Amino acid sequence: MSPKTIAVAGLSAIAFAASGCGGDSDPDAEFRAAFEKEFSAAPWYHHITGIEVKDGSGRPHIKVTTELGSENKGTEPMSTICLAAINFAFKSGAVDEIPEGTVTGSDGVGLGSCA
């Protein structure tokens, strides 16, 4: 079994346990459940309202949506959140290569990016 298969199987088990039910797999939900388990104690985690993982054609991309407004654009927490998400996505096997990442505010404004 390849390392990616093992990582995906691990993420699936975490998501299954978190959801409490079976059914169709949702890769974003699996990633979010594993990410929450890893980072829920981080001081910035509570600002995250959504995470979207794209690992299709082209370069992989992680989009993190937060409750924060545009006054937080370019601040330290944005780069910390972004780097945590892209590093975790790669290390967990959710993507095949280090992705690009963006952090978006509640008003849809881009707050930061990283690669």
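Please treat every number below as a calculation from the coordinates, not as lab data. Every value quoted in this text rests on a predicted model; they were computed, and no experiment measured them. A quick note on method: Cβ atoms are made from the backbone with ideal geometry, for glycine too, and the neighbour counts reach across all protein chains shown.
Some points to look at:
- In sequence order, the stretch 95-105 has phi-based couplings of 9, 7, 9, 4, x, 7, x, 9, 10, 10, x Hz under the Karplus curve 6.51 cos²θ - 1.76 cosθ + 1.60, θ = phi - 60°, and Gly or Pro positions carry x.
- Taking the number of Cβ atoms within 10 Å of each Cβ as an exposure proxy, the fewest-first ranking of 49, 65 is 49, 65.
- The ranking of 28, 107, 55 by Cβ neighbour count inside 10 Å, starting from the fewest, reads 107, 28, 55.
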